[in-house]
Each structure stands twice: as structure tokens, then as C-alpha cells.
């Protein structure tokens, strides 16, 4: 649930990056953190394991100052992708205002993407959120890899709501800000 | 889905600030913060500027949420409090409502019983204050600012000129 702090003139939105393990959710946040100036991106918190898998969540607060003196904050979270983190993953979706689904385009991960999307629907439901209406953007990542599933095939399997989708190579920043821009639009009610 | 807003009006903020200030003094606490369990800060008192309150809030809320989930899985009912004991400082969590939790940082020289007593005294007032915060499908006028922020991000996208977007 977004927060409007009237006296502080601040709006805060919570955005979660969801998707299978190692699909590039943390890489999205790292690129944003490394690209935006310090006045817009706060400290990035990473809770990962020794093999760089997200243990609980990553957190990156962004703030944009609007000409009329308002500050608009986007709190970006990633969820742990591995299925054995089911119990903790859904907790990160609590009160979320928008979701980016980061799919791994490699053919061998196709089924993992499908299962992760099913987890997303289930997790949102358990957090009393409606998958059918929550602001959502799809990102088909790792498009630079060999043996990737065609985008049309991924979109047909994963994007039943026909929300905006973006091809990306998050490690190089390709598609990262386009995705962020689209979820900001959706969460803020621009579409 | 239209984004739902928690509307913190001036009166809400003043009431929460006042309650936390009073609690902090009575309990002899170093700092207090009121969070919602999604990780957002509703109010805080005596948090030093050197502390990144947003990052701490994300950790504190997730800490409580994870322990609460564990208690559900273990069948523990009416779960409300967590206590972390450090060498010099301690953390005390007390649930205010289904969606909010109070966190108190206090020194080892202070008594846990004192902190607990004054938290219990403050919780009903805080719960009433939280209950009084308006929830609305669209914050009055606020959506314009949200849309302006979305425009700011789009300007960044333009400046980066990264290729290969679709959709």
C-alpha cells in the first residue's frame, strides 16, 4: 500500500522484482544503484548466501524530487527465487504496489519461469493481493545468451494479462530502466 | 488495480510523533520507530541522522514478519513480542496492529521490564492512532506527484538511450 505523508510532502511506493532463481533480479537493482546519482539512489542492502543467491531480499530505495517540492520514493525489493524460500518470499510481497516479473530467457529455464509465475500468483493471493489487477511489468532477461526461448513464446506462456514486456540484458543495463519506468508508470496510475 | 494509499495527515503525524516521544522518555529508550510490516516507516523518534532509517526499517519489518510467519508454522498463537539482546544495546519489538510494529532500541543499562511496561502502556494509544489513519484508493492530489516521478524516470531512460526495449 502506497503511503502519502502529507506534511512531509512524500509519496512512497513498494515495488517487488519477482522471478526464478538467478534470473537477474538483483542484477537489475545493482545496475540501477550503480547508474543513478547518490541523491536519487540510497544505500543498497543485499542479503545473499555465499554463492550470491538472494537469501531473503535485496532492497534499494530511490527518491525523485518533483518540481513542486514533493518527494516520490520507490522502494525496490527482490524476492529469493529458489522454491525452498517459499515461506519467506511471500512476506516480501506484503503491501506491494507493483511487481516486475524477471524471466530467464534461456531455454533450459523455461519451466522454472512458468513455475515462478505460478508462485507469484499464489504468493499474491496469500498476501490478499489480486494478481489480475496489481500493476505488473514483464522483463525477458538474458537475451544475449545462446539458446534463448523466442520472446513470443515466453510472452504466450507467462504474460496472460498482456502487460508491457521488455527484452533485457540486465548485466549490461539493457532494458533495466525501461522496465523501471514502466512499473513506475503502472504503480502511479499512468496506464 | 488502483493503488491504495495510507494517508498520513498532519494530525496523524503529530499524534504518532507525540506518542513515540512520550514512550521514548518514559522507557528511557535510545530510539523508537513505528513501522508497517511492508517495511515503511510511519514515525520515528531519536533516530540519529547517521542511521539510514529506510534500510533499517526494511530489515526490522522483515525480521518481525519472518518470526511471525515462523510462529504461525509452529502453531504459536497470539505472537506479539520479539526481544534481541546485544552486548551493549537491545531491540524490543511489540506488535501494535495486524500491519504495524513498534521497535525500541535501548541500552543494556536499562531494564527490559521498564521498556516492556511502557510499550504495553503506549500500544493502545498507538493502535488507535494507526486505526485512525485514512486508507483511500487515491490520495487527494498525490497521484499527480506520482505521475511526475514516473516522468522523471522516463527522462533518465531517455538520457541513457539503452536500445532493445519492446512491449
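Measure nothing but the geometry: give the 0 to 90° angle between the long axis through the Cα atoms of A:110-126 and the longest principal axis through the Cα atoms of chain A, rounded to 10°.
Approximately 40 degrees, to the nearest 10.
Provide a whole-number value for the mean count of partner chain Cβ atoms within 10 Å of the Cβ atoms in peptide A:28-41.
Shielding by partners across A:28-41 averages 1.
Okay, helix-only estimate at 222 nm for chain A: each DSSP H run of n ≥ 4 adds -39500 (n - 2.57), divide by all residues, round to 500 deg cm²/dmol; what do you get?
When only DSSP H runs of four or more count, the value is -8500 deg cm²/dmol.
Given chain A, what percent of its DSSP beta bridges are antiparallel, to the nearest 5?
Taking every DSSP beta bridge with both residues in chain A, the antiparallel ones total about 45 percent.
With angles folded into 0 to 90 degrees, how steeply does helix A:176-187 sit against the dominant principal axis of chain A? Use alpha carbons for both and round to 10.
60
Which percent, nearest 5, of DSSP beta bridges in region A:16-105 are antiparallel?
70
Let me have the 222 nm mean residue ellipticity of chain B computed from DSSP H runs of 4+ only, each contributing -39500 (n - 2.57), with the sum over all residues rounded to the nearest 500. Walk me through the numbers on the way to the answer.
Working: 4 runs with 79 residues, N = 167.
Computed mean residue ellipticity for chain B: -16500 deg cm²/dmol.
Specify the residue with the greatest mean-square fluctuation among A:45, A:29, A:60, computed from a Gaussian network of chain A linking alpha-carbon atoms under 10 Å apart.
A:45
What is the helix-to-structure angle for A:25-35, meaning the angle in degrees between its Cα long axis and the longest Cα principal axis of chain A, kept from 0 to 90 and rounded to the nearest 10?
Around 40 degrees separate the two axes.
Rounded to the nearest 0.05, what FRET efficiency is calculated for residue A:156 and residue A:86 with R0 set to 22 Å and r the Cβ-Cβ distance?
That gives a FRET efficiency of 0.25.
Beta carbons within 10 angstrom, averaged per residue: use that to sort the peptides A:123-134, B:30-41, B:98-109, A:3-14, highest first.
B:30-41, A:3-14, B:98-109, A:123-134
Count, for each residue of A:179-189, the Cβ atoms from other chains sitting within 10 Å of its Cβ, then give me the mean as a whole number.
Counting other chains' Cβ atoms within 10 Å and averaging over A:179-189 gives 6.
What order do you get for B:123, A:92 when you list them from fewest to most C-beta neighbours inside 10 Å?
B:123, A:92
Translational diffusion coefficient, Stokes-Einstein: compute it for region B:5-142 using the Kirkwood radius over C-alpha pairs as Rh, at 10 °C and 1.306 mPa s, and state it as an integer in µm² s⁻¹.
Estimated diffusion coefficient is 103 µm²/s.
When the Kirkwood radius is taken over all Cα pairs of the protein assembly as shown, what Stokes-Einstein diffusion coefficient follows at 37 °C and 0.692 mPa s, in µm²/s?
156
Which order, highest average first, do B:55-67, A:63-75 follow once you tally other Cβ atoms within 10 Å for each residue and take the mean per peptide?
Going from most to least packed, we get B:55-67, A:63-75.
Looking at the protein assembly as shown, send over the antiparallel percent of its DSSP beta bridges, to the nearest 5.
Given both bridge residues lie in the protein assembly as shown, the antiparallel proportion sits at roughly 65 percent.
Give me the percent relative contact order of chain B, please, defined on Cα pairs under 8 angstrom at least 6 residues apart. If you can, show how the numbers build up before the last one.
Details: 208 pairs, mean separation 48.0, N = 167.
Answer for chain B is 29 percent.
Would you give the gap between the C-alpha center of region A:136-162 and the C-alpha center of region B:1-73, rounded to a whole Å?
So the two Cα centres are separated by 38 Å.
Counting only other chains, and only Cβ atoms inside 10 Å, what mean value do you get across the residues of A:166-175?
3
Between residue B:134 and residue A:144, what is the FRET efficiency for a Förster distance of 51 Å, r being their Cβ-Cβ separation, to the nearest 0.05? Each step should come with its number before you reach the end.
Numbers: r = 48 Å, r/R0 = 0.93.
Efficiency for this residue pair is about 0.60.
Restricted to Cα positions, what overall size does region A:40-160 have along the principal axes? Three whole-Å values, descending.
47, 32, 32
Every read-out reported here was derived from the displayed coordinates using simple, explicitly stated rules and does not represent laboratory data. Just so we're clear, the structure is a prediction, and the values are computed from it rather than from any experiment. Neighbour counts are summed over all protein chains in view; Cβ atoms, including those assigned to glycine, are modelled from backbone coordinates with ideal geometry.
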